Amino acid sequence: MPLLLFTSPKGGVGKTTLAAHTVAILAKRGHRVLALDLDPQNALRLHLGVSIREEAGFLGVIDHRPDWRGLTIDTPAGVRLLPFGSVEPRRTLQLGMALLDAPELLAAPVRDMLAEPSLIVVVDSAPGPSAAVSAVAPLADLVVVVLLADAGSASLMPQVASGRVYGRGTLAGRMADRTAVVLNQVELDGPLSAAVLESAAAALGSRLLGAVCRDEALAEALANRHLLLDGSGAAAEDIVLMVDAIQTRAKLAPPSGRRSSFSALADWGLR
Ligand SMILES: Nc1ncnc2c1ncn2[C@@H]1O[C@H](COP(=O)(O)OP(=O)(O)OP(=O)(O)O)[C@@H](O)[C@H]1O
Ligand SMILES: [Mg+2]
């Protein structure tokens, strides 16, 4: 089943915030979801309401070939999660080297996750290139690149659009086809923000998946350990629209439970 990868060449742009909301909204809509954290900051768990004292994780022991099923935790946000785990910096470097040498350490269990019927895997990642992202990117159905509506992000847009952020040649072209961009922290009353949004829309066309406005409610939600899931509020509404676009782009079928409750529609030729 589908893999959605949140990534960015830049840090602090909202990858974890948007990945956490996406996975929780999909769960609320009745999908079976699994959140996977590839970032040694191990922050996705905090967005999903897990205690900071929870130190266990999946990526942090990936070189021991762990069984991922035994390491998932149920989060207060109603989402199953494979956290990175709390890992010392030196060990993080060792894990990166191990994954560079053997991407299958991660690719094999992720393929196993994707073999689970109707399970959607939503992946959060560290900023910039990493061995973990290289291992899973070829398996992604949709790569959501999060950028800001600022000059730094605008300068990266051509690389993102052509796939050159992933390297060169055929692989980069293949990744570009599956890449979509979300602009975060957009301020429509700011001339720079509005100009970047406009030129991104022109350059990316339908590959601009959404725009999320700058809204302190998002930062405050994290401080209060909850997510903005009901679409009320400026950023919350933008995020719901972004998830709608992700569902369309990744061709996520409605969850089977929902479909069966409207089974008569098939008889009427409506499905
Ligand atoms: N649309 C927004 N409006 C206001 N604040 C936001 C918005 N999106 C994210 N933030 C805030 O920006 C900060 C960075 O967000 P987040 O941690 O999700 O970024 P990231 O890309 O995952 O960072 P990193 O590269 O370190 O992993 C957080 O404090 C978050 O609450
Ligand atoms: Mg993050």
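Go ahead and estimate [θ] at 222 nm for the chain from helices alone: -39,500 (n - 2.57) per DSSP H run with n ≥ 4, summed, over the residue count, rounded to 500.
For the chain, the value works out to -12500 deg cm²/dmol.
Looking at GLN159, VAL50, GLN185, which one has the Cα that reaches farthest to the positive end of the dipole of the chain (charges on Cβ: Lys, Arg +1; Asp, Glu -1)?
GLN159
Over all alpha-carbon pairs of segment 105-155, lay out the pair-distance distribution in 5 Å bins, whole %, shortest bin first.
4, 15, 27, 21, 15, 9, 5, 4, 0
Given the convex hull of the Cα atoms of the chain, what is a quarter of its surface area in nm²?
Average projection, Cα convex hull of the chain: 15.3 nm².
Tell me, in nm to one decimal, what length is gained between ASP189 and ARG53 on full extension, where the rule is 0.36 nm per residue of separation less the Cα-Cα distance?
44.9 nm
What's the Kirkwood radius of segment 36-177 in Å, using all Cα pairs? Could you put the intermediate results ahead of the total?
Values: mean 1/r = 0.0619 Å⁻¹.
Hydrodynamic radius (Kirkwood, Cα pairs) of segment 36-177 is 16.2 Å.
Nothing charged except the Cβ atoms of Lys and Arg (+1) and of Asp and Glu (-1): what's the magnitude of the dipole of the chain about its Cα centre? Round to the nearest 20 debye.
Dipole about the Cα centre, nearest 20: 680 debye.
Which part of segment 5-37 falls in the paramagnetic zone of ALA253, meaning amide N under 18 Å from the point 7 Å along Cα-to-beta-carbon?
Counting backbone N atoms under 18 Å from the label point, the list is 27, 29-34.
When the Karplus curve 6.51 cos²θ - 1.76 cosθ + 1.60 is applied with θ = phi - 60°, which whole-Hz ³J(HN,Hα) does each residue of segment 130-142 get, with x for Gly and Pro?
8, 5, 5, 5, 4, 6, 9, 4, x, 8, 6, 7, 9
Kindly provide the trypsin sites (Lys or Arg not before Pro) of segment 133-174 that DSSP labels as loop, not H, G, I, E or B, and whose Cβ sees at most 10 other Cβ atoms within 10 Å.
ARG168
Stretch ARG164-LEU119 to full length: gain in nm at 0.36 nm per residue minus the Cα-Cα span? Before the final figure, lay out the partial values.
Values: separation 45, 0.36 × 45 = 16.20 nm, distance 2.98 nm.
My answer for the length gained is 13.2 nm.
How large is ³J(HN,Hα), in whole Hz, for each residue of segment 244-249 in order, when computed from phi with the Karplus curve 6.51 cos²θ - 1.76 cosθ + 1.60 and θ = phi - 60°, using x for Gly and Pro?
4, 5, 4, 4, 5, 5
For the ranges 97-105, 118-126, what's the packing order if you count other beta-carbon atoms within 10 Å of each residue, average per peptide, and put the highest first?
118-126, 97-105
Where a number appears in this text, it was derived from the coordinates with a stated rule and is not lab data. This is a predicted model, so every value here is computed, not measured. Neighbour counts are summed over all protein chains in view; Cβ atoms, including those assigned to glycine, are modelled from backbone coordinates with ideal geometry.
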